[in-house]
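Derivation of every value follows stated rules applied to the coordinates shown; laboratory data play no part. This structure is a prediction, so every number in the text was calculated from the model and none was measured. So basically every Cβ, Gly included, is an ideal-geometry build from the backbone, and we count neighbours across all protein chains shown.
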Amino acid sequence: MGERIHAIRSDSRRMLGTQHVRTELHCHTTASDGRHTPAEVVRLAHQRGVALLAITDHDTLAGNEEAASVGQALHVQVIRGVEISALSPGGEVHVLGYGVQPRDPETQARFDALRGVREARARAILDKLAGLGIHIPFARVRALAGDAVIGRPHVARAMVEAGVVATQNEAFDLYLGEGKPAFVAHLGLTPVQAVQLIHAAGGLAVLAHPGLYLGDLADLIDELVAAGLDGLEAFYPLHTPEQVESFVRIARARNLLLTGGSDFHGLEGEGAAPLGSVSPPESEVAALLDRLGHALC
């Protein structure tokens, strides 16, 4: 494993002529609600000196093959990933999966079913908007999503297009965010089921951006650790330094991996963190790679 991460570092240093190596373990593409195709994200990662990249689209594995292919050509190590949305009594929970590769039809079918869950949620959101006097056709949201799984950002884009709000951020702040008038809780898995699905597909399960969870985080972590949670995403653009320190302590006490990433969607100019701007310490990356083993592309 030491040879693998050493090779990643060496490749990146040859590309950049620098001693700094970036990783990106949380980003999205047009397979879900990102603005760039998987190939474009990998090329952008290469340009920015990212040597290790995980594609973590919402509730879909669709972008991984394209990203892996381009990554091989550009010498960017790609981890096949996903970000599964779930619902707990305390609110929405997102669980990242790394090294996710379903090898049986039943597990693949469970991932495929998540697409229908997202479409049902989008229709429910549009119904709530209609009740507020805002009429957005589902067909337009579907068209904006294209072949991707539908997410709230697609609804937000349709709202901007219709002149209801000026920006996607405004759509979330006024209507679509948790606790707002048109918010609809995720209709799919529980957090424990999300962890179980990731494990069934041979992956490692990591609790995404725990600092954004609105419920009792200690109870949630206890529940997920009992279900086999593998790690915490401690390093995240919206986490305060105090939160990062707290999550590192929790992970150490629970023997959990520590990860981090920008949550890049390509929405430059709306407060989004740039691709590769949040890199975990190299020791944590090495620990993740060691656990992934053969699951690397």
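Laid out as a table, the results:
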read-out	value
Potential extension, SER69-ASP127 segment - 0.36 nm per residue separation minus Cα distance	16.9 nm
Dipole moment magnitude, nearest 20 debye, region 67-118 about Cα centre, only Lys, Arg, Asp, Glu C-beta charged	100
Rounded tilt (10° steps) of 152-161 against the dominant C-alpha axis of the chain	60
From phi via Karplus (6.51, -1.76, 1.60), per-residue ³J(HN,Hα) for region 189-201 in Hz, x at Gly/Pro	7, 7, x, 5, 5, 5, 4, 5, 5, 4, 5, 4, 8
For region 210-220, 3J(HN,Hα) per residue [Karplus equation, 6.51 cos²θ - 1.76 cosθ + 1.60, θ = phi - 60°, Hz, x = Gly/Pro]	x, x, 8, 5, 8, x, 7, 5, 4, 5, 4
Cβ crowding within 10 Å averaged over residues, with 231-243, 69-81 ranked highest first	69-81, 231-243
Average silhouette area of region 113-176, convex hull of alpha-carbon atoms, in square nanometres	3.9
For ARG22, residues with placed amide H under 5 Å, excluding near neighbours	ALA51
ASP59 long-range amide H proximity, modeled H, under 5 Å	GLU83, ILE84, SER85
Simple Cβ-charge dipole of the chain, Lys/Arg +1 and Asp/Glu -1, about Cα centre, in debye nearest 20	480
Cα centroid of region 193-234 to Cα centroid of region 50-128, whole Å	15
Note, ³J(HN,Hα) from phi for region 225-232, Karplus 6.51, -1.76, 1.60, rounded to Hz, x at Gly and Pro	4, 4, 8, x, 3, 9, x, 10
Extended-chain gain in nm, criterion 0.36 nm per residue less alpha-carbon gap, PHE138 and ASN255	37.7 nm
Top of VAL278, VAL244, VAL206 by mean-square fluctuation, Gaussian network on the chain, Cα under 10 Å	VAL244
Sorted by Cβ density within 10 Å, fewest first, the residues ASP57, ASP104	ASP104, ASP57
Charge dipole magnitude, Cβ of K and R +1, D and E -1 - region 123-244, Cα centre, debye nearest 20	720
Answer label for Cα extents along the principal axes in Å (calculated), chosen among (i) 104, 37, 31; (ii) 59, 43, 39; (iii) 68, 37, 31	(ii)
Once the Cα gyration tensor of region 127-219 is diagonalised, semi-axes √(5λ) in Å	29, 17, 12
Spacing of the two label points (7 Å from each Cα toward its C-beta) at ALA185 and ALA218, in nm	2.3
FRET efficiency, 1/(1 + (r/R0)^6) with R0 22 Å, evaluated for ALA227 and ASP104 via beta carbons	0.60
Full-extension gain in nm, LEU174 to LEU238, via 0.36 nm per residue minus C-alpha separation	21.1 nm
For VAL78, residues with placed amide H under 5 Å, excluding near neighbours	LEU53, CYS297
Most mobile listed residue (ASN255, ASN64, ASN169) in the chain, GNM with C-alpha springs under 10 Å	ASN255
Expected 222 nm ellipticity per residue - DSSP helices of 4 or more, -39500 (n - 2.57), all of the chain, to 500	-13500 deg cm²/dmol
Selected from ALA194, ALA208, ALA272 as most flexible by GNM, with the chain as the system and alpha-carbon contacts under 10 Å	ALA272
